[in-house]
Amino acid sequence: MEYKKAEIVAHTGDGEKIRLSDIPFHFSPGERSPYIGADNSGGIVQRAGWLGLQTEAFQGWYGTHIIELTYPNGRDGDHVFEVKRNFKNPIQEDGWLWFPAMPLGVTPYSEHD
């Protein structure tokens, strides 16, 4: 399988910003599932998905809490992910770093920037 490549900025727990270039990545969104609260109210919860970066472990990778990802895809090329550790933790497997992540937002592309 061929993966898209991106420029990555990982914000680690020690306050460092790690910059990585030309990194293959893959994002699988989490599932949406219903929940019932203690007062019988309900709603839908979006679970964290998995963001994979095909790279060696870098200093502070396990403590990463925000990942900025930019790839050449026009208007939809800038993304910010929050690493979620509620039920899952980042893992290293077969040359990939996998982060349980939720998209926070997209920065719209502007030709005037």
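For the range 95-106, a residue qualifies if it is modelled with pLDDT of 95 or more and either farther than 17 Å from Thr12 by Cβ or open to solvent by 90 Å² or more (accessible area, probe 1.4 Å) (or both), and the qualifying residues are Gly95, Trp96. Within the range 36-54, is even one residue of a type in the set (Ser, Thr, Tyr) and touching a residue at least 40 places away in the same chain (Cβ under 8 Å)? The answer is no, given that none of the residues of the range 36-54 is of a type in the set (Ser, Thr, Tyr) and touching a residue at least 40 places away in the same chain (Cβ under 8 Å). Within the range 1-60, the set of residues being touching a Gly at 6+ places or on another chain (Cβ under 6 Å), more than 23 Å from Asp78 (Cβ to Cβ) and either of a type in the set (Val, Ile, Thr) or modelled with pLDDT of 95 or more (or both) comprises just one member, Ile36. Say whether the condition of being within 12 Å of Pro100 (Cα to Cα), in a strand (DSSP E or B) and in contact (Cβ under 8 Å) with a residue 12 or more places away in the chain is met by at least one residue in the range 3-18. No: zero hits. The test for being closer than 13 Å to Pro100 by Cα and assigned to a strand (DSSP E or B) does not hold for Phe25. Scan the range 32-68 for residues that are open to solvent by 50 Å² or more (accessible area, probe 1.4 Å), closer than 15 Å to Asn86 by Cα and more than 14 Å from the chain's Cα centre (by Cα) and the total you get is 1.
The values are calculated or read from the model by the stated rules, or taken from the named source; none is laboratory data. Here the structure is a predicted model, which is why all the values come from computation and not from measurement. Please note: Cβ atoms are built from the backbone with ideal geometry, for glycine as well, and neighbour counts cover all protein chains shown. Ligands, DNA and RNA are excluded from the accessible area calculation, which covers all protein heavy atoms including side chains. Shrake-Rupley method; radii C 1.70, N 1.55, O 1.52, S 1.80 Å.
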